[in-house]
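The values are calculated or read from the model by the stated rules, or taken from the named source; none is laboratory data. These numbers come from a predicted model, not from an experiment. Please note: Cβ atoms are built from the backbone with ideal geometry, for glycine as well, and neighbour counts cover all protein chains shown. With ligands, DNA and RNA removed, areas are computed over all heavy atoms of the protein, side chains included. Shrake-Rupley method; radii C 1.70, N 1.55, O 1.52, S 1.80 Å.
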Amino acid sequence: MKTNFRRIASLFVVSSLFFSCSNDTNLDNNSQELNYVTQEKIELAKYVANALKTNNGAELLSNSKFQNLNEILLSEILTDLKMNNNEEFFSSEIKKEGILECFVYNQEKMNATTLKDLQILFAPVDDNTKTLEGIDINGNIVFVDASQPSNKPILFIDQHGKYEFQKNMNSLNEELKKRGFDTQMTTANISGKATAVDFNKIDSIKLSDVQEPWFKGNPEIYAIVFNFDQNFNEPSVPPLRVLQMPYIKKKNVLYTPEQPFVFWNEHTRNAATMIIMEEDSGFDYAGVINIVVQAIGTGVTLGTGDAVWTPFVVNTVTAVLDEIKGSWSTDSDDEIDQYYIIRKQNVTQLKSGASNNAAITYSFETL
């Protein structure tokens, strides 16, 4: 009986150890070295950890504003913690990498009274990073396995998130204006008379994959919408728009934005093309414009008809995506899906893109 008891006890201990190890994503510090996180960033993280410990940070991070991986500016967090004299921790080297923002992972595991399990990690640029780097709440450097979601509450410091994305989109729109792409989306005025605006709007959209790993937080989705216009005389100014889709947060969720995305008054062809992307790197969007413009410029000599049109559009989109996924950065933007031909029509059943990742319904309207 004693022997059986010992066997059972031994099995229990071994299984407990295995269960504990399988759920702990921390790696052995002795065999690791900091790779993408600098010592300056470690000091910044220690400053944040101390601010959280001394100013009721557990209650702050449990706040509803951090729900659903919502991104908050790091400066706003420090202001909430009454830590205002912090410029020494924001070096020019850190600032030039991007806007500092934060999100809380596993917020439901946050204890509003204690921070003992909290880790402060830096979100890497590279989606394929194998090891995450940062500190625990006591300032000790930690390394976390990136291949599986952690079971601990984590405050991620990110410099390639929502706010950096918005800054990049603003820069892109400024570049579009410089190139003459700043056609107004409102009712046009011709010879003093208002004219109607024809447009397609996205009524619903669902993505089966948002191409964003667990340690990157919410995705930053955008779409490039363009048209191969047969009559424009200036190839450097074809119909082209870049649209943000900030409402998309998760895969397999149906969103109903009613977002205008094709403005037919800008086109002479009754077909447009849309590429849906997920932004990662904040690379040279002026370069993206150059690629699309160059590709669109070759479309002016083509005739009409899907037999000629479809292969050309497919080849052009492929060339654009190849360039976007090129060597501009270590983490170029991810392709979500493509809609090669969008027409003036109502599509009431979810229509899949060419890669079967996106599904949308859209409708044609006139204002």
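The table below gives the values:
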{"quantity": "Tabulated pairs, the range 243-265, first open to solvent by 40 Å² or more (accessible area, probe 1.4 Å), second basic (Lys, Arg) and modelled with pLDDT of 95 or more, C-beta under 6 angstrom, 6+ apart or interchain", "calculated": "LEU254/LYS206; GLU258/LYS201; PRO260/LYS201"}
{"quantity": "Those residues of the range 228-265 which are at pLDDT 75 or above, touching a helix residue (DSSP H, G or I) at 6+ places or on another chain (Cβ under 9 Å) and among the polar types (S, T, N, Q), in sequence order", "calculated": "GLN244"}
{"quantity": "Among (1) touching a residue at least 60 places away in the same chain (Cβ under 8 Å); (2) part of a helix (DSSP H, G or I); (3) farther than 22 Å from PHE143 by Cα - the single one GLY98 does not satisfy", "calculated": "(2)"}
{"quantity": "Considering residues of the range 239-282 that are of a type in the set (Lys, Arg) and more than 24 Å from LYS344 (Cα to Cα) only, the residue nearest to the chain's Cα centre (by Cα)", "calculated": "LYS249"}
{"quantity": "Candidate set from the range 101-135 (those that are free of Cβ contacts under 8 Å to residues at least 60 places away in the same chain and closer than 16 Å to LYS46 by Cα); member that is nearest to the chain's Cα centre (by Cα)", "calculated": "CYS102"}
{"quantity": "In the range 101-124, the residues that are touching a helix residue (DSSP H, G or I) at 6+ places or on another chain (Cβ under 8 Å) and part of a helix (DSSP H, G or I)", "calculated": "GLN107"}
{"quantity": "Top-ranked residue of the range 157-187 - restricted to ones that are hydrophobic (A, V, I, L, M, F, W, C), open to solvent by less than 40 Å² (accessible area, probe 1.4 Å) and outside any strand (DSSP E or B), ranked as modelled with the lowest pLDDT", "calculated": "PHE181"}
{"quantity": "Count of the range 31-62 residues which are outside any loop (DSSP other than H, G, I, E, B) and either open to solvent by less than 70 Å² (accessible area, probe 1.4 Å) or acidic (Asp, Glu) (or both)", "calculated": "16"}
{"quantity": "Matching entry among ILE94, ILE141 (being of a type outside the set (Ser, Thr, Tyr) and open to solvent by less than 50 Å² (accessible area, probe 1.4 Å))", "calculated": "ILE94"}
{"quantity": "First in the range 63-88 and surrounded by fewer than 16 Cβ atoms within 10 Å (Cβ to Cβ), second anywhere and assigned to a strand (DSSP E or B) and not charged (D, E, K, R), Cβ under 7 Å, 6 or more apart", "calculated": "LYS65/ILE72"}
